[in-house]
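The values are calculated or read from the model by the stated rules, or taken from the named source; none is laboratory data. Here the structure is a predicted model, which is why all the values come from computation and not from measurement. When we count neighbours, we look across all protein chains shown, and the Cβ atoms used for this are built from the backbone with ideal geometry, even at glycine. Heads up: the accessible areas ignore ligands, DNA and RNA and are worked out on the full protein's heavy atoms, side chains in. Shrake-Rupley method; radii C 1.70, N 1.55, O 1.52, S 1.80 Å.
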Amino acid sequence: MARVLRRLRAQVQPGELGAESVEQFVRRYSRVRAPALDLNLHSGYDPAWPQAFGDEKQRLLAALADEDVAGIEHIGSTAIPQLASKDILDIVVAMRDAAEIERVARTLAGLGYQAHGESPIDAGFAWHWRIAQDGGRSFVVHTCAADNPRLAEIKNFRDFLCAFPQERQRYVELKRELAATPGQTWLEYSALKKILVVRITARANAWRAAGGEA
């Protein structure tokens, strides 16, 4: 870990990880508990993803009918047309009352989701996985308070890439370049990818503030 931290310090300039320092980023990511995955990779975009999200959204809404849900959003690569991704759908469930999030976790467990603690999105997000046993489509539900500022940024990022195909293509190309770097750890890849996300998010936030619509 110390070696990775030194390498990241040499590669990452102050402010490139947003409000986090390299040390804070490494500390936070070291707490992330990702499940062991054996999932099929997609070489391209699957047009079935929007419908799969819609079906799961209705399932979640039915189960959470007694909770004060502010919104359920499809996020991540599978939410962006023509973006290649693993067959894993990321979903955010935002609650108006943060106190309800613990009850939501119990409801998700009843739907077959397993809690994995803090989400890599932000310290204010928790994530829950429902992994297909046959290696097929899996789902990740991230829960957060509706007023968490990272939620608005995630939606802006998604909508910006949906609205501008050239930005989407540039993001894909840069991700491929990062993934092809030899000898790179998952932590280093995640940090360098976050630099790209922070840069795009800044443009996405400005676009939204200027009246940009999805």
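Here is how the numbers come out for the structure above:
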{"quantity": "Gyration tensor verdict on the chain (Cα atoms; rounded if a/c is under 1.5, prolate if a/b is larger than b/c, oblate otherwise)", "calculated": "rounded"}
{"quantity": "Distance between modelled label sites at Tyr189 and Arg176, nm, 7 Å Cα→Cβ extension", "calculated": "1.6"}
{"quantity": "Two-site label geometry, Ala132 and Ala105: point separation in nm, points 7 Å out along Cα→Cβ", "calculated": "2.8"}
{"quantity": "Amide proton proximity set for Leu89, modelled H, under 5 Å, gap of 5+", "calculated": "Ser138, Phe139, Val140"}
{"quantity": "Mean separation of Cα contacts under 8 Å, 6 or more apart, over the residue count of segment 69-214: relative contact order %", "calculated": "21"}
{"quantity": "Per-residue [θ]222 nm for the chain (sum of -39500 (n - 2.57) over DSSP H runs n ≥ 4, rounded to 500)", "calculated": "-15000 deg cm²/dmol"}
{"quantity": "³J(HN,Hα), Karplus 6.51/-1.76/1.60, whole Hz, each residue of segment 72-80, x for Gly, Pro", "calculated": "10, 10, 8, 10, x, 4, 6, 8, 10"}
{"quantity": "Accessible surface of segment 1-150 [probe 1.4 Å, protein heavy atoms]: carbon and sulfur percent", "calculated": "48"}
{"quantity": "Cross-link partners of Lys194 among lysines (Cα-Cα below 24 Å; sequence separation of 8 or more within a chain)", "calculated": "Lys86, Lys155, Lys175"}
{"quantity": "Hydrodynamic radius of segment 92-189 per Kirkwood, over alpha carbon pairs, in Å", "calculated": "15.7"}
{"quantity": "Surface per residue (accessible, 1.4 Å probe) for segment 50-197, Å²", "calculated": "46"}
{"quantity": "Nearest-0.05 FRET efficiency for Ala34 and Ala202, computed from C-beta distance (R0 22 Å)", "calculated": "0.25"}
